[in-house]
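The values are calculated or read from the model by the stated rules, or taken from the named source; none is laboratory data. Everything numeric in this text was worked out from a predicted model, so none of it was measured. Here the Cβ is made from the backbone with ideal geometry for all residues, glycine too, and neighbour counts use every protein chain on show.
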Ligand SMILES: [Zn+2]
């Protein structure tokens, strides 16, 4: 742990310097219940190593995080009778990232649970296509 990560709340949990409800952990990530749960079973999957976001994380961490999602899905399908899940990930402040340490929000889902994890957008297909073209041109 470096001096800069001492101020990071997730690095403190990784170093056992802060309390958290850790429900699973291994050498690459840990899973905790957030203070404010958006749905029953809402779980944060947090890289053990400090990466600010997906932008500075090695691809291997992505594989580990996906494996965590698969494991949580199996557990919540049985424990909560969940039949699906959403994964939310924010990168940078403009995307509402509140903690600058790579983490995923895992949201177990059930039919008719009244959760809207898929926001409505007000862009036309033509307008959206223009930006996709521009983004991939570079
Ligand atoms: Zn950190």
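Number of residues in the range 13-47 that are crowded, with 18+ Cβ neighbours inside 10 Å and within 16 Å of the ligand (Cβ to nearest atom): the value is 11.
Within the set 90, 82, the sole residue that is touching a residue at least 40 places away in the same chain (Cβ under 8 Å) and either under 12 Å from the mean Cα position of the chain (by Cα) or part of a loop (DSSP other than H, G, I, E, B) (or both) turns out to be 82.
Looking at residue 99, is it in a loop (DSSP other than H, G, I, E, B) and surrounded by 10 or more Cβ atoms within 10 Å (Cβ to Cβ)? Break it down into steps so the answer makes sense when it comes.
Working: in a loop (DSSP other than H, G, I, E, B): yes; surrounded by 10 or more Cβ atoms within 10 Å (Cβ to Cβ): yes.
Taking the combined requirement at face value, the residue satisfies it.
Among the residues in the range 64-74, are any part of a helix (DSSP H, G or I), without any contact (Cβ under 8 Å) to a residue 12 or more places away in the chain, exposed (fewer than 15 other Cβ atoms within 10 Å of the Cβ) and within 16 Å of the ligand (Cβ to nearest atom)?
Scanning the range 64-74 turns up no residue that is part of a helix (DSSP H, G or I), without any contact (Cβ under 8 Å) to a residue 12 or more places away in the chain, exposed (fewer than 15 other Cβ atoms within 10 Å of the Cβ) and within 16 Å of the ligand (Cβ to nearest atom).
Would you say residue 117 is assigned to a loop (DSSP other than H, G, I, E, B), at pLDDT below 90 and either surrounded by 13 or more Cβ atoms within 10 Å (Cβ to Cβ) or touching a strand residue (DSSP E or B) at 6+ places or on another chain (Cβ under 7 Å) (or both)? Against the criterion (assigned to a loop (DSSP other than H, G, I, E, B), at pLDDT below 90 and either surrounded by 13 or more Cβ atoms within 10 Å (Cβ to Cβ) or touching a strand residue (DSSP E or B) at 6+ places or on another chain (Cβ under 7 Å) (or both)), residue 117 qualifies.
Scanning the range 75-91 for residues that are within 15 Å of the ligand (Cβ to nearest atom) and farther than 20 Å from residue 116 by Cβ turns up just one, 91. Only a single item in (1) within 16 Å of the ligand (Cβ to nearest atom); (2) not in a loop (DSSP other than H, G, I, E, B) is not met by residue 52, and it is number (2). Counting only residues that are within 19 Å of residue 98 (Cβ to Cβ), touching a strand residue (DSSP E or B) at 6+ places or on another chain (Cβ under 8 Å) and assigned to a loop (DSSP other than H, G, I, E, B), the range 16-35 holds 4 of them.
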